[in-house]
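Visitor: Sharing a structure with you now.
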Amino acid sequence: MKTRPFLALFVSPAALAALALVGALAAILQYAFRAFVPGSMEPGGLTLANFEALLRPLYAGVFLQTVWICLITALVTLVVAYPLAYAIVRSRSVTLKSFLLITALTPMFLGEVVRTYSWIIVLGNSGFINSVLRGLGLIERPIQLMFTTTGVVIALVHVTLPIMTIMLAAALSHIDAAYEKAATSLGAGPVRVFLTVTLPLSMPGIVAGVTTAFAWTFSAFATPQMIGGGRVPMVSTLIYQLGFASFNFPFAAALSVTGLALTFAVLALAKAALSPLERMGAH
Amino acid sequence: MAAERLHTGTEAPAATSARVGVQIDGVTKKFGAFTALHEAWLKIEQGSFMTLLGPSGCGKTTLLNLLAGFLEANGGEIFVDGQLMTETPPYAREIGVVFQNYALFPHMSVEKNVGYGLAARGVPKREIASRVADMLALVKLSDFGHRKPKELSGGQQQRVALARALVIRPKLLLLDEPFSALDKNLRGAMQVEIKEIQRSLGVTTIFVTHDQSEALSMSDRIAVMSAGRIRQVGTPDEIYRRPTDRFVASFVGDVNVLPAKLERRLDDRASVMVGAVRVEVPAGTVDGLAPGAAVDLFVRPDALAIGEKGSGFPGTIAAHVYQGSHVDVLVDSPATTGGRLLVRVPGTQAPHRWPVGQAVGVTPTGDAVAFPPEAA
Ligand SMILES: Nc1ncnc2c1ncn2[C@@H]1O[C@H](COP(=O)(O)OP(=O)(O)OP(=O)(O)O)[C@@H](O)[C@H]1O
Ligand SMILES: [Mg+2]
């Protein structure tokens, strides 16, 4: 065996960080099993009441709604990001490539709060979208976008767009353009080439992008909080309300733990369901 | 040529369309300011095997891409079986392509790969199955239909690529350096196999290579290219023995270059003097030169013979390179530009008859060609 003298040196910061993370998770985990004592910051004795409360329709509904929003967001992001990634990878013009890349990636560099405020300006009743539509005479009364699921999904798509684009572009750039040329020379039109060659071969990127977008959306907070304004409850906003408005830390912890478990479960499920598709594109 | 240049209709000229498989009329391709193909003119007989031969970067792939429709020309016209291709999208051209790395669809079985073009044409499933089976039998891969491409050897992958391109019964088959990924033994076997299949199906074929021996052994005709221009088109024998272009003479096969003087011209023959030795050459390549003008004489190693001292060019045996069926003899001689002549002597007796160090005379015995010296 090779000795690696610097291994301990390099690994120890990571190990420390991991340890801290595990510690925090353990703390949250133990909070989840403690009773809430109203008016006190200190939790009470051991109990399963927090998890029982989760089964109440109100909270279970929030979970379902969150999963639904994450799913829609991931799929819409996929549809928006795919052509973008394709153009970035296949475009011959360097200028176009850079322009698209910058457009796709800027959301990453904007702070979450700044980005969300911009969306408030765009989505508001007298915001950009509504004024344009009204200016064009397409609508008479403004479309309600703020404080709606649609508005939240639109803003969340913007959040997940960069990561999805990067993942798809990585997958697409691994597809040799010769496959598409070969299909074309064999008589397949552009749509057929896309459906039978490009799409299946990019499946690994699609699976990775969709699951990542799903997980990101599940933990998004500022966007549902500010765009949804409390009217589009998601697990993260609920945790915030319970923890910082009601100081019910045990219940907030139970929500967090369940959310985490649910994310893992959904990812595992998606992985299992999509693995035949993914294998299809493996080369 | 002038008549062809004036031709602007959408049908190839009637007199030639019957047997012309491919006609390339003054096709030019530019990438920005760089011209990758300068006005290429080429006619390929239906069912024949044409090779585009030239060094890396000379525009071979560019020409194939123009034929397949993956690139648009900046000028000129391409006809396949008498039909103008310019407005035809690549998927409607009925041209089979075998790519350098085969480009087999990795997510499909061999059968699905081969059947792809038929499925795209909406051929009924049962007919697809039978035509795919026939084609796989032709390329000797009947038992491999259910495998994925990555489960095949390089030669097998190549045969799948060939089957996939041929099953659509293309009007034209394009092969872009199909052997470059194969090892040498397999390469020879595949050359024979592809040639046999091509001949049995009678499909017009354009084959791209930068390997001159491959070109000489496989082609009905060869178009030698360099720097975006077609230099000469002819049978392998014409290209090898009667090059009309200096580049062709030095690119195809080994050649000795000897400085010489033009003596005189008579009709289509001319004679040049290398020192005191007179050599006959075709007159076409020294057109416009006056007697006494300096020329370079190109002689193949197999068109030279070694004899007793005093005959031909004087020289001294420098080395022998045993090649199995023949011996390459290197002769130090002041007659050649490089100071050393390469003589190919059939059989294996050369080292005994002409030991190293012996003074000899080298005589031209076969075709030789003269060209004006390179502009300095
Ligand atoms: N898309 C492109 N943009 C700019 N230049 C290009 C492009 N494609 C090819 N070229 C240039 O055109 C010339 C001819 O290229 P081509 O690929 O036809 O060469 P080739 O004869 O096939 O060479 P090789 O034997 O190396 O494959 C080269 O100098 C190449 O750099
Ligand atoms: Mg090439």
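Visitor: Exactly one of these conditions fails for B:Arg231: (1) of a type in the set (D, E, K, R); (2) within 11 Å of the chain's Cα centre (by Cα); (3) surrounded by 18 or more Cβ atoms within 10 Å (Cβ to Cβ). Give me its number.
Guide: Tallying (1) of a type in the set (D, E, K, R); (2) within 11 Å of the chain's Cα centre (by Cα); (3) surrounded by 18 or more Cβ atoms within 10 Å (Cβ to Cβ), B:Arg231 fails exactly one: (2).
Visitor: With (1) part of a loop (DSSP other than H, G, I, E, B); (2) more than 16 Å from ligand 1 (Cβ to nearest atom) as the list, and B:Asn101 as the residue in question, which single condition is left unmet?
Guide: The failed condition is (2).
Visitor: Filter the stretch B:74-93 for residues that are more than 14 Å from chain A (Cβ to nearest Cβ) and of a type outside the set (Ser, Thr, Tyr) and give the result. Quick ask: steps written out before the conclusion?
Guide: Filtering the stretch B:74-93 for residues more than 14 Å from chain A (Cβ to nearest Cβ) gives B:74-79, B:81-84, B:86-87.
Across the stretch B:74-93, the qualifying residues are B:Asn74, B:Gly75, B:Gly76, B:Glu77, B:Ile78, B:Phe79, B:Asp81, B:Gly82, B:Gln83, B:Leu84, B:Glu87.
Visitor: From the residues in the stretch B:94-106 that are buried (at least 20 other Cβ atoms within 10 Å of the Cβ) and out of contact with any strand residue (DSSP E or B) (no Cβ under 9 Å at 6 or more places or on another chain), which one is nearest to the other protein chains (Cβ to nearest Cβ)?
Guide: Ranking the qualifying residues of the stretch B:94-106, first place goes to B:Phe105.
Visitor: Of the residues in the stretch B:302-342, how many are open to solvent by 40 Å² or more (accessible area, probe 1.4 Å), over 19 Å from B:Ala368 (Cα atoms), under 33 Å from the mean Cα position of the chain (by Cα) and not hydrophobic (A, V, I, L, M, F, W, C)?
Guide: 6
Visitor: Moving to a separate point now. Of all residues in the stretch B:307-343, which are in contact with a Lys or Arg (Cβ under 8 Å, 6 or more places away or on another chain) and under 20 Å from B:Val277 (Cα atoms)?
Guide: B:Leu330, B:Val331, B:Asp332, B:Ser333 - these are the residues of the stretch B:307-343 that are in contact with a Lys or Arg (Cβ under 8 Å, 6 or more places away or on another chain) and under 20 Å from B:Val277 (Cα atoms).
Visitor: When residues of the stretch B:40-62 are filtered for being assigned to a strand (DSSP E or B) and either within 11 Å of ligand 1 (Cβ to nearest atom) or open to solvent by 30 Å² or more (accessible area, probe 1.4 Å) (or both), how many remain? Please lay out each step first, then the result.
Guide: If we filter the stretch B:40-62 for residues that are assigned to a strand (DSSP E or B), which is where we start, we get B:40-45, B:49-53.
Remaining after also requiring either within 11 Å of ligand 1 (Cβ to nearest atom) or open to solvent by 30 Å² or more (accessible area, probe 1.4 Å) (or both): B:41, B:43, B:45, B:52-53.
Residues meeting the conditions: 5.
Let's see how each residue does on (1) more than 16 Å from ligand 1 (Cβ to nearest atom); (2) open to solvent by less than 20 Å² (accessible area, probe 1.4 Å); (3) part of a strand (DSSP E or B):
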position	(1), (2), (3)
B:Asp25	yes, yes, yes
B:His38	no, no, yes
B:Leu67	no, yes, no
B:Phe79	yes, yes, yes
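Visitor: Does at least one position in the stretch B:251-260 carry a residue that is of a type in the set (Val, Ile, Thr), more than 16 Å from ligand 2 (Cβ to nearest atom) and touching a Ser or Thr at 6+ places or on another chain (Cβ under 6 Å)? Before you say what the answer is, go through the steps one by one.
Guide: First pass over the stretch B:251-260, keeping only residues of a type in the set (Val, Ile, Thr): B:252, B:255, B:257.
Next, only the ones that are more than 16 Å from ligand 2 (Cβ to nearest atom) stay: B:252, B:255, B:257.
Checking the rest, the ones that are also touching a Ser or Thr at 6+ places or on another chain (Cβ under 6 Å) come to B:257.
So far as the stretch B:251-260 goes, yes, one or more of its residues are of a type in the set (Val, Ile, Thr), more than 16 Å from ligand 2 (Cβ to nearest atom) and touching a Ser or Thr at 6+ places or on another chain (Cβ under 6 Å).
Visitor: Which condition number in (1) in a loop (DSSP other than H, G, I, E, B); (2) open to solvent by 30 Å² or more (accessible area, probe 1.4 Å) is the one that B:Tyr91 fails?
Guide: Checking B:Tyr91 against (1) in a loop (DSSP other than H, G, I, E, B); (2) open to solvent by 30 Å² or more (accessible area, probe 1.4 Å), the one that fails is (1).
Visitor: Here's a check for you: in the stretch B:22-59, which residue that is of a type in the set (D, E, K, R) and farther than 14 Å from B:Thr205 by Cβ is farthest from the other protein chains (Cβ to nearest Cβ)? Write out each step before concluding.
Guide: Narrowing the stretch B:22-59 to residues of a type in the set (D, E, K, R): B:25, B:29-30, B:39, B:43, B:45.
After this cut, where a residue has to be farther than 14 Å from B:Thr205 by Cβ as well, the list is B:25, B:29-30, B:39, B:43.
Working: B:Asp25: 22, B:Lys29: 15, B:Lys30: 14, B:Glu39: 24, B:Lys43: 22 Å.
Per the stated criteria, the residue is B:Glu39.
Visitor: Those residues that are under 30 Å from A:Val232 (Cα atoms), modelled with pLDDT of 85 or more and of a type in the set (Gly, Ala, Ser), I need them from the stretch A:1-60; list them, please.
Guide: Matches in the stretch A:1-60: A:Ala24, A:Ala26, A:Ala27, A:Ala32, A:Ala35, A:Ala49, A:Ala53, A:Ala60.
Visitor: On to the next question. Determine, yes or no, whether B:Leu71 is within 13 Å of ligand 2 (Cβ to nearest atom), surrounded by 22 or more Cβ atoms within 10 Å (Cβ to Cβ) and either modelled with pLDDT of 95 or more or within 14 Å of chain A (Cβ to nearest Cβ) (or both). Write out each step before concluding.
Guide: Values: within 13 Å of ligand 2 (Cβ to nearest atom): yes; surrounded by 22 or more Cβ atoms within 10 Å (Cβ to Cβ): no; either modelled with pLDDT of 95 or more or within 14 Å of chain A (Cβ to nearest Cβ) (or both): yes.
Spelling it out, it is not the case that B:Leu71 is within 13 Å of ligand 2 (Cβ to nearest atom), surrounded by 22 or more Cβ atoms within 10 Å (Cβ to Cβ) and either modelled with pLDDT of 95 or more or within 14 Å of chain A (Cβ to nearest Cβ) (or both).
Visitor: Looking at A:Leu195, A:Leu186 in this structure, which one is within 14 Å of another protein chain (Cβ to nearest Cβ), in contact with a Gly (Cβ under 9 Å, 6 or more places away or on another chain) and not β-branched (Val, Ile, Thr)?
Guide: Details: A:Leu195 fails: in contact with a Gly (Cβ under 9 Å, 6 or more places away or on another chain).
Being within 14 Å of another protein chain (Cβ to nearest Cβ), in contact with a Gly (Cβ under 9 Å, 6 or more places away or on another chain) and not β-branched (Val, Ile, Thr) holds for just one of A:Leu195, A:Leu186, which is A:Leu186.
Visitor: Across the stretch B:172-210, which residue is nearest to B:Arg93 (Cα to Cα) among those that are within 16 Å of ligand 1 (Cβ to nearest atom) and hydroxyl-bearing (Ser, Thr, Tyr)?
Guide: Among those residues, the one meeting the criterion is B:Thr209.
Visitor: Collect the residues in the stretch B:215-256 that are more than 22 Å from B:Lys195 (Cβ to Cβ), of a type outside the set (S, T, N, Q) and in contact with a Cys (Cβ under 7 Å, 6 or more places away or on another chain), keeping them in residue-number order.
Guide: B:Ala227, B:Gly228
Visitor: Where residues in the stretch B:111-144 are open to solvent by less than 30 Å² (accessible area, probe 1.4 Å) and farther than 21 Å from B:Ala92 by Cα, which of them is farthest from the other protein chains (Cβ to nearest Cβ)?
Guide: Among them, the one singled out is B:Leu141.
Visitor: Let me confirm something: among A:Phe244, A:Phe221, A:Phe214, which residue is more than 14 Å from chain B (Cβ to nearest Cβ) and open to solvent by less than 20 Å² (accessible area, probe 1.4 Å)? Quick ask: steps written out before the conclusion?
Guide: Working: A:Phe244 fails: open to solvent by less than 20 Å² (accessible area, probe 1.4 Å); A:Phe221 fails: open to solvent by less than 20 Å² (accessible area, probe 1.4 Å).
Residue meeting the stated conditions: A:Phe214.
The values are calculated or read from the model by the stated rules, or taken from the named source; none is laboratory data. Please read all numbers here as calculations on a predicted model, not as lab measurements. Cβ coordinates were reconstructed from backbone atoms using ideal geometry, including for glycine residues, and neighbour counts include every protein chain displayed. These accessible areas exclude ligands, DNA and RNA; they are computed on the full protein's heavy atoms, side chains included. Shrake-Rupley method; radii C 1.70, N 1.55, O 1.52, S 1.80 Å.
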